[in-house]
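One structure below.
The values are calculated or read from the model by the stated rules, or taken from the named source; none is laboratory data. All values derive from a computational prediction rather than experimental measurement. So basically every Cβ, Gly included, is an ideal-geometry build from the backbone, and we count neighbours across all protein chains shown. These accessible areas exclude ligands, DNA and RNA; they are computed on the full protein's heavy atoms, side chains included. Shrake-Rupley method; radii C 1.70, N 1.55, O 1.52, S 1.80 Å.
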Amino acid sequence: MDCDPGIDDAIALTVLLAHPEAADLIGVTTVGGNVKLDYVTANAKKLLTFLGSNAELASGQATPLVKEIETAGEIHGKTGMDGYDFPENSEDYPLASDNAVTFMYDRISKCDEKVSIVATAPLTNVALLLKTFPDVKSNIEHIYIMGGSTLQGNITTAAEFNAYVDPEAMDIVFNSGVPITLSGLNLTENKAYLKMDEINNIKNLGKAGVMANAILDFYSSAELEKGMTKIPIHDACAVLSLIAPELFTKSTNYSMDVSLTNDQFRGMTYPDRRVYAEVKNNIKVLEDVDREAFVKYLFDSIASYDK
Ligand code: BDR
Ligand code: CA
């Protein structure tokens, strides 16, 4: 899992680690995104320690391929995971590598079975992996991405945050030939949200519930201030599209493009809806979810830490 925790990344990791029967997590890699790399790596250590995981952790690229990094501290807090005081014993969590790209290459190529990547952050690490070591593609089963949108943006009118921060990386990944499932804002904001009373109820789900509720409280205050009433848990969708694909009730395969222009369209993703669309790539875009089942799956996953 390649991530930038990040409050919704933290929920996504909590859900993933609750389901070893569905996915055998090889490693977690971090990339600069929601906040700078040092913070997201420290947050990954905090989470892996708190959740009792011993997955390998590697830190990756601090900055996007071309442009300077832009962060989202106003949503995730100064540390990137504000709202909960994690125990202070996480600093010793070992870092298997400070080069996520060679780390991924090594672990994926050595694996006896094909490996899937869940990417919930700007795609800098993943793009470098595919570009630098194209032979790795033969051992990648699928990439499950949170990023982009077929409708609105969030960081700008046109662009979703992960796409906007590193569109050049997204372009490389979209056109890599590796099968992709995309959870964009059209799904994560419009369909797979939590209501405020649901967020409040998370605190009753045991140890992980108290943590998840505290960070989501911080995150939802920021979303409410912006005028949102439905709280998106974007990154959890990418994890669920791997471990519980039955939750997603509608999808369409599209050729998708991402705008690399330096104007108001930078990072905008758009599907080719023409009947005679040129098949540039073939991305499975998730469009709807059984929201009740989605909420239940999230709740059961969080509650499972106390069993
Ligand atoms: C995406 O941007 C980040 O702020 C979230 O963690 C998520 O990955 C949503 O646009
Ligand atoms: Ca993220």
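Within the option set A192, A163, being touching a Pro at 6+ places or on another chain (Cβ under 9 Å) and more than 23 Å from N43 (Cα to Cα) holds for one residue only, A192. Residues in the range 202-228 that are surrounded by 15 or more Cβ atoms within 10 Å (Cβ to Cβ) and either more than 23 Å from L48 (Cα to Cα) or of a type in the set (S, T, N, Q) (or both): N213, S220, A222, E223. Here A192 meets the list (1) within 20 Å of F86 (Cα to Cα); (2) crowded, with 24+ Cβ neighbours inside 10 Å; (3) small (G, A, S) almost entirely, failing just condition (1).
Between L187, L194, L205, the distinction of being in contact with a Cys (Cβ under 7 Å, 6 or more places away or on another chain) and either within 16 Å of ligand 1 (Cβ to nearest atom) or under 17 Å from L13 (Cα atoms) (or both) belongs to L187 only. In the range 221-254, which residues are hydroxyl-bearing (S, T, Y) and at pLDDT 95 or above? Answer for the range 221-254, where residues must be hydroxyl-bearing (S, T, Y) and at pLDDT 95 or above: S241, T249, S251, T252, Y254. Residues that are farther than 21 Å from A10 by Cβ and of a type in the set (S, T, Y) were ranked within the range 121-163; the one that is nearest to ligand 2 (Cβ to nearest atom) is S149.
Quick grid of which residues meet (1) away from ligand 1 (no atom under 16 Å from the Cβ); (2) out of contact with any Gly (no Cβ under 8 Å at 6 or more places or on another chain); (3) closer than 19 Å to M228 by Cα:
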{"site": "R107", "(1), (2), (3)": "yes, no, no"}
{"site": "K110", "(1), (2), (3)": "yes, yes, no"}
{"site": "N125", "(1), (2), (3)": "no, no, no"}
{"site": "F133", "(1), (2), (3)": "yes, yes, no"}
{"site": "E141", "(1), (2), (3)": "yes, yes, no"}
{"site": "I145", "(1), (2), (3)": "no, yes, no"}
{"site": "A163", "(1), (2), (3)": "no, no, no"}
{"site": "T181", "(1), (2), (3)": "no, yes, no"}
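Considering the range 77-109, and only residues there that are acidic (D, E) and open to solvent by less than 50 Å² (accessible area, probe 1.4 Å), the residue that is nearest to K131 (Cα to Cα) turns out to be D106. In the range 235-252, the count of residues that are among the hydroxyl-bearing types (S, T, Y), crowded, with 17+ Cβ neighbours inside 10 Å and closer than 20 Å to Y144 by Cβ is one or more. Within the range 54-67, is even one residue within 14 Å of ligand 2 (Cβ to nearest atom), small (G, A, S) and in a strand (DSSP E or B)? The answer is no; no qualifying residue exists. Where strands (runs of 3 or more DSSP E) sit wholly within the range 205-307, those with at least 3 residues that are of a type outside the set (A, V, I, L, M, F, W, C) occupy 248-254, 269-271, 283-289.
Scanning the range 1-40 for residues that are among the acidic types (D, E) and either more than 16 Å from ligand 1 (Cβ to nearest atom) or farther than 19 Å from E56 by Cβ (or both) gives D8, E21, D24, D38. Sort out which residues of the range 1-34 are in contact (Cβ under 8 Å) with a residue 12 or more places away in the chain, surrounded by fewer than 24 Cβ atoms within 10 Å (Cβ to Cβ) and more than 19 Å from D300 (Cβ to Cβ), and write them in order of number. Across the range 1-34, the qualifying residues are I26, G27.
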